[in-house]
Amino acid sequence: MPSAPIAVGDVPVFRRTVTETDMVLFAGITGDFAANHTDEEYMRRTVYGTRHVHGALVVGFMSTVAGRALEHARPDGLVPVSLGYDRIRFVRAVFPGQTLRLRYEFVTWDPEELRATATVAAFVEDELVAVGTHVVVWVPADPA
């Protein structure tokens with residue numbers, strides 16, 4: 001049974017200011033041209049008052065902090081593989097020009113299953129804007 005490749009309680013952090021360019025490129029790549037992300041005039045008439053960032057783009061930044069947290073977690077010929085994100089919730093809107101601070105906190109390690117979970121959370125200033133659980137499993141680096 002390998003020791004934990006991560007320490008429960010470790011909290012890597014990633015910061016990123018979301019730009020107009022990020023939003024335009026993300027809309028183009030995904031085809032998500034919903035008015036709440038692309039139509040400023042329309043959004044001025046809503047409670048938001050302006051366009052907001054795609055939630056899936058915020059999840060992409062969650063994946064960035066996860067990748068950075070796991071890049072050196074390769075013990076004994078094992079590599080981490082994401083099994084996905086559970087219970088993602090968008091608590092508040094993120095607007096262009098705001099800086100996200102993403103925290104990735106390891107919560108559990110199961111040495112029998114070689115599986116870990118982590119809470120991944122996104123903040124603007126000190127306000128939570130999105131949160132979810134990341135599930136990771138370690139697999140052999142050499143399948144032979």
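Taking the stretch 102-117 as the range and being under 18 Å from the mean Cα position of the chain (by Cα) and either among the hydrophobic types (A, V, I, L, M, F, W, C) or closer than 26 Å to ASP39 by Cα (or both) as the test, the residues that pass are LEU102, PHE106, VAL107, ALA116.
Per this entry, THR46 is counted among residues that are of a type in the set (S, T, N, Q), at pLDDT 95 or above and part of a loop (DSSP other than H, G, I, E, B). Look at the stretch 127-144: where a residue is under 22 Å from ALA93 (Cβ atoms) and touching a residue at least 60 places away in the same chain (Cβ under 8 Å) and a partner is part of a strand (DSSP E or B) and basic (Lys, Arg), sitting 6+ places away or on another chain with Cβ atoms under 6 Å, you get GLY132/ARG87. If I filter the stretch 103-111 for residues that are in a strand (DSSP E or B), modelled with pLDDT of 95 or more and among the basic types (Lys, Arg), do I get at least one hit? Yes - at least one qualifying residue is present in the stretch 103-111.
Under the condition of being part of a helix (DSSP H, G or I) and over 17 Å from ARG101 (Cα atoms), the residues counted in the stretch 49-62 number 0.
Candidates THR46, THR108, THR99: the one that is more than 21 Å from ASP10 (Cβ to Cβ), surrounded by fewer than 14 Cβ atoms within 10 Å (Cβ to Cβ) and touching a residue at least 12 places away in the same chain (Cβ under 8 Å) is THR99. Looking only at residues of the stretch 6-46 that are in contact with a Phe, Trp or Tyr (Cβ under 6 Å, 6 or more places away or on another chain) and of a type in the set (D, E, K, R), we find that the one that is farthest from TRP138 (Cα to Cα) is ARG16. Within the stretch 6-36, the residues that satisfy the criterion of being farther than 30 Å from ARG74 by Cβ and of a type in the set (Gly, Ala, Ser) are ALA27, GLY28, GLY31, ALA34, ALA35.
Within the stretch 1-43, track down each residue that is among the small types (Gly, Ala, Ser) and either surrounded by 11 or more Cβ atoms within 10 Å (Cβ to Cβ) or assigned to a loop (DSSP other than H, G, I, E, B) (or both). Break it down into steps so the answer makes sense when it comes.
If we filter the stretch 1-43 for residues that are among the small types (Gly, Ala, Ser), which is where we start, we get 3-4, 7, 9, 27-28, 31, 34-35.
Scanning the stretch 1-43 gives SER3, ALA4, ALA7, GLY9, ALA27, GLY31, ALA34, ALA35.
The values are calculated or read from the model by the stated rules, or taken from the named source; none is laboratory data. In this text the structure is predicted, and so the values were computed from the model without any measurement. A quick note on method: Cβ atoms are made from the backbone with ideal geometry, for glycine too, and the neighbour counts reach across all protein chains shown.
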